[in-house]
1. Among the listed residues F249, F242, F261, F206, identify the single one that is surrounded by fewer than 18 Cβ atoms within 10 Å (Cβ to Cβ), over 17 Å from F101 (Cα atoms) and among the aromatic types (F, W, Y).
2. Only one of D63, D71, D30 is closer than 26 Å to F261 by Cβ and touching a residue at least 12 places away in the same chain (Cβ under 8 Å); which?
3. Among the strands (runs of 3 or more DSSP E) contained in the stretch 1-94, which hold 2 or more residues that are buried (at least 17 other Cβ atoms within 10 Å of the Cβ) and of a type in the set (G, A, S)?
4. I'd like to check something: does the stretch 184-197 contain any residue that is modelled with pLDDT under 90, closer than 23 Å to T232 by Cβ, of a type outside the set (V, I, T) and surrounded by 21 or more Cβ atoms within 10 Å (Cβ to Cβ)?
5. Conditions: (1) at positive phi; (2) part of a helix (DSSP H, G or I). A142 meets all but one. Number of the miss?
6. Could you list all residues from the stretch 153-175 that are outside any helix (DSSP H, G or I) and over 12 Å from the mean Cα position of the chain (by Cα)?
7. With F246, F206, F179, F241 as the choices, which residue is of a type in the set (F, W, Y) and free of Cβ contacts under 8 Å to residues at least 60 places away in the same chain?
8. Restricting attention to the stretch 91-100, does a residue exist that is more than 26 Å from H268 (Cα to Cα) and in contact with a Leu (Cβ under 7 Å, 6 or more places away or on another chain)?
Amino acid sequence: METNSSRPAEIRVTGLHKAFGEHRVLQGIDLTVNAGDVMAIVGGSGCGKTVLLNHILGQLDPDAGSIELADHDRDDAPLVDLADMDTTERDLIHQHWGMVFQRNALFSGSVYDNIALWLMEIRDMEDADIMPIARRVLSAVALPSDDAFIESEAEALSGGMAKRLAVARALAMNPVVIFYDEPTTGLDPVSATQIQDLIAETHEEFRPDQPPRTTVIITHDKDLLRRLEPRTVMLHEGRVFFDGPFAEFESASSPIIRPYFDQMPALHMADKR
């Protein structure tokens, strides 16, 4: 999958700095995510991947720098500075996003409850309108869509099925941007491969008269990178050290990239514990 630098920006991060006490985590991140990108953000533990994501999600305020986000409720989706938005405006931006968390973050209750909650709270939809969406997104992720499965308890699902439900929940919002935080953590090789394929299929879903979908993945999973061949961004010491095609990242002889690349399987396994 290739980057789409000719397409408009979906997210633009400029000069982003963040410290926690004396510990400087981000030290001048400059990064543009273009519409239609499949981007993987990689780097050693503590390099700032999650801190960067939390800034984009509006969960942290930067010490310096800016984050601009495409506003899909306005013509041509102009970039708007996150710092200038109030809570309501941020919520409107987030209506166009989906998030798949590392540990799935499924709610207690049924499969249906997990899909319906955001649609009820954010879109103010009724059960009669939600049920067709639930059946559609469950089928899209190759889960059963019959009444028995929809009414079953989410906590009883296997790891692979729970991850699929987390993706289905994100898809229910018909997002323009989907974020995945370590999406294959804790999965067996077969389930991990299925989720990798699902990420690709979800990204490439035909969405007539809608913006191209953008996918951002935080991962240590070398197999996922090889399968998806995303635009790869490596953070190191709080800055963007590499930004380019995965093939170039994989073949790089850099003394920074090479040790990290070789350690990726061990880091991925450590995330499973």
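1. Residue meeting the stated conditions: F206.
2. It is D30.
3. Filter on the stretch 1-94 gives 64-70.
4. Yes - at least one qualifying residue is present in the stretch 184-197.
5. Looking at each condition in turn, A142 falls short on (2).
6. Scanning the stretch 153-175 gives E153, L157, S158, A172, M173, N174.
7. F206
8. yes
The values are calculated or read from the model by the stated rules, or taken from the named source; none is laboratory data. Remember, predicted model here, so these are calculated numbers, not experimental data. We place every Cβ from the backbone using ideal geometry, glycine too, and count neighbours over all the protein chains shown.
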